[in-house]
Amino acid sequence: MKRGFLALCAATAALAGVVGAAQAATIDTVKSRGKLICGVSLSTPGFAAADEKGRMEGFDADVCRAVAAAVFGDPEKVDFVLTNINTRFQALQSGEIDVLSRQTTNTFSRETSLGLDFGPTVFYDGQGLLVPKSLGVSSAKELTDAAICTLPGTTTAQNLTDFFRTIGGKFELVVFESPDENRAAFYSGRCEAISSDRSDLASIRAVANNPDDYVLLPETISKEPLAPAVRQNDSNWRDIVSWSVWMLMAAEEKGITQANVDEKLKSEDPEVQRMLGGADELGKMLGLDNKWGYNVIKAVGNYGEVFDRNLGEKTKLGMTRGPNTQWNAGGLLYAPPVR
């Protein structure tokens, strides 16, 4: 019995050593490489799409830049890898990318069976349906027997099946391999509706030739908490990614912006001082420079600035904050205390 116990202890210690090595692997690899490699979507305006000069722009791209700023103090030390629905998880699992920032829903099965860990929810979303205005419907309940376009490898089909079962209806699922094919089929009338996360539908509508020809129906048929993902058993790297996101949220709560962050260095608020590196040297706990939080905010702004710049009411997507509002204003955004 004692020999068996000692063997178990030795095995546990060996496993701890392996896990400990894994925990340090990503940050060491990123630092030695001199840049972050971030997986984003192929082309989703508002979230990740190249501008006319080829620079990647969007909400998810800014999350990548926030992490790069935390690690290097430079938001441009990041390479973007375009991933599709079918390859996004494999790209992360294989080490091709360091973090996946790609409108990806955190679900039970994904977090427990794919060798991934999710960071904080960066966008609270839900699945909806987009239809041509000419179809003359005002509710998803009127789409019984409709052909609905979608992509493979997502939870969309299951959510549609569950929804139509609850209303006693049927539908025809039409699956396309790429976002471009999916959009083109919908625009051409191959499907009466297209279904995805409501944020994605806003993007699809925004890039149509005549956006006003399409209507986003009012029903939200699922919960889709979108979050960045990293490989499992790498707690230090997960902490870095998570706290880079939480720093954006905490900055908005504290009224710290890209424009006033230098002025806020003089703040007498103890938490602001900890956030910006003026007290307690919290950066050392992450293996980062003590001004990592300052660098994140200086690089991309706070959460509200990132949202408004890429998705807000003054953009083509024209989205309102909805649940992606601070907790003290009736929303779901809630950063843990920085202490």
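Here are the numbers for this structure:
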{"read-out": "Accessible surface ranking that places the most exposed of 262, 180 first, with a 1.4 angstrom probe", "value": "180, 262"}
{"read-out": "For residue 44, distant residues with modelled amide H under 5 Å away", "value": "49"}
{"read-out": "Nearest-20 debye value, the chain charge dipole, Cβ charges on Lys, Arg, Asp, Glu", "value": "720"}
{"read-out": "Portion, in percent, of the accessible area of the range 219-299 that falls on carbon or sulfur, probe 1.4 Å", "value": "46"}
{"read-out": "For the chain, share of DSSP beta bridges that run antiparallel, in % to the nearest 5", "value": "55"}
{"read-out": "Angle in degrees between helix 156-166 and the longest Cα principal axis of the chain, rounded to the nearest 10", "value": "60"}
{"read-out": "For residue 175, solvent-accessible area (1.4 Å; no DNA, RNA or ligand), Å²", "value": "70"}
{"read-out": "For residue 254, net neighbour charge (Lys/Arg +1, Asp/Glu -1) across residues whose Cβ lies under 10 Å away", "value": "-3"}
{"read-out": "Sum of -39500 (n - 2.57) over DSSP H runs of 4+, divided by residues of the chain (222 nm, nearest 500)", "value": "-12000 deg cm²/dmol"}
{"read-out": "Size of electric dipole in the range 283-339: Cβ of Lys, Arg +1 and of Asp, Glu -1, about Cα centre, debye, nearest 20", "value": "120"}
{"read-out": "Computed over the range 268-339, Cα set: Rg, Dmax in Å", "value": "14.7, 42"}
{"read-out": "Of 77/291; 170/316; 31/284; 141/316, pairs whose Cα-Cα distance is over 25 Å", "value": "170/316; 141/316"}
{"read-out": "Helix axis angle, 2-33 relative to the chain longest principal axis, alpha carbon, degrees", "value": "70"}
{"read-out": "Euclidean distance of C-alpha centroids, the range 58-132 and the range 142-168, integer Å", "value": "25"}
{"read-out": "³J(HN,Hα), Karplus 6.51/-1.76/1.60, whole Hz, each residue of the range 122-134, x for Gly, Pro", "value": "9, 8, 7, 10, x, 6, x, 9, 10, 9, x, 4, 5"}
{"read-out": "Among 67-76, 130-139, 183-192, the order from most to least packed when residues are scored by Cβ within 10 Å on average", "value": "67-76, 183-192, 130-139"}
{"read-out": "Gaussian network model of the chain, springs between alpha carbon atoms under 10 Å - residue of 279, 66, 193 with greatest fluctuation", "value": "279"}
{"read-out": "Residue-wise HN-Hα coupling along the range 214-227, computed from phi with Karplus coefficients 6.51, -1.76, 1.60 (Hz; x: Gly, Pro)", "value": "10, 10, 8, 5, x, 6, 10, 9, 7, 9, 10, x, 8, 8"}
{"read-out": "Convex hull volume of the chain per residue (C-alpha atoms, cubic angstrom)", "value": "166"}
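The values are calculated or read from the model by the stated rules, or taken from the named source; none is laboratory data. Predicted, not measured: the structure shown is a model, and the values here were computed from it. Positions of Cβ are generated from backbone atoms using ideal geometry, with glycine treated the same way; all protein chains shown enter the neighbour counts. These accessible areas exclude ligands, DNA and RNA; they are computed on the full protein's heavy atoms, side chains included. Shrake-Rupley method; radii C 1.70, N 1.55, O 1.52, S 1.80 Å.
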